[in-house]
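This report refers to the structure that appears directly beneath it.
The values are calculated or read from the model by the stated rules, or taken from the named source; none is laboratory data. Keep in mind that this is a model prediction, so the values were computed, not measured. Positions of Cβ are backbone-derived with ideal geometry, glycine not excepted, and every protein chain shown enters the neighbour counts.
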Amino acid sequence: MRVLVATRSGHKLREIRTILREVPELELLSPEELGIPPSPEEEGIEAFSTFEENARAKARWFHIRSGGFPTLADDSGLEVDALEGRPGVHSKRFAPEQAELTGQELDEANNLHLLHLLGDLPLAERTGRYVCVAVLHRGPGEEVVVRGEAEGLLLGRPRGWEGFGYDPLFLDPRLGLTFAEITPSEKDARSHRGKAFRELATHLLQATG
């Protein structure tokens, strides 16, 4: 079964391929591999106020652009309790004056902005969670939606070199390590995306079985 993964992020695509590697006869393809060029319209797809609405919109948009390929999409982000759930659906571009930034520079700007907002708040009050809502869209009326969460604490300074996004600040209290200090396989076992896509894997197994 060939499935389009609706993301331009190489980091995210690698994570999803690793998580779903046990699903037999599943080939996960990027938009580039299906010849879907970047479009200015993509920036406006995730314009909704919830992760679920954004993930659904992305899956449906790429499904149409691909000519009807089964499509996996997710919307993920960080919710910080002390910030009333921010950055939430705006996690990707949370920092001010970041319009021209991409990749690691954008991640660093977002992390610095988060640290600025949290200030000297004690660690015990820097609670939050990563959230991932994943969608498998195969056509009208054929859609599966799942949700995964990972609880953690936000450190006052970054630690570690793995991962991406807010991983250097996101501490797993059970391990005493950030998501940027653990191996990719350890992260997949604990992360919001790992939880969501493992649940989605059961539906893919039914589809490929």
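Observations on the structure shown:
- Restricting Arg147, Arg157 to those that are assigned to a strand (DSSP E or B), in contact with a helix residue (DSSP H, G or I) (Cβ under 8 Å, 6 or more places away or on another chain) and surrounded by fewer than 21 Cβ atoms within 10 Å (Cβ to Cβ) reduces the list to Arg147.
- Scanning region 128-142 for residues that are out of contact with any Ser or Thr (no Cβ under 9 Å at 6 or more places or on another chain) and surrounded by 16 or more Cβ atoms within 10 Å (Cβ to Cβ) yields Gly128, Arg129.
- If you go through region 145-170 and pick out every residue that is of a type in the set (A, V, I, L, M) and farther than 21 Å from Arg93 by Cα, you end up with 2.
- Qualifying residue in region 83-91 (condition: within 18 Å of Ala6 (Cβ to Cβ), among the hydrophobic types (A, V, I, L, M, F, W, C) and part of a helix (DSSP H, G or I)): yes
- Region 10-33, subset modelled with pLDDT of 95 or more and in a loop (DSSP other than H, G, I, E, B), residue surrounded by the most Cβ atoms within 10 Å (Cβ to Cβ): Pro31
- Residues in region 41-73 that are of a type in the set (Ser, Thr, Tyr) and either over 13 Å from Ala134 (Cβ atoms) or exposed (fewer than 13 other Cβ atoms within 10 Å of the Cβ) (or both): Ser49, Thr50, Ser66.
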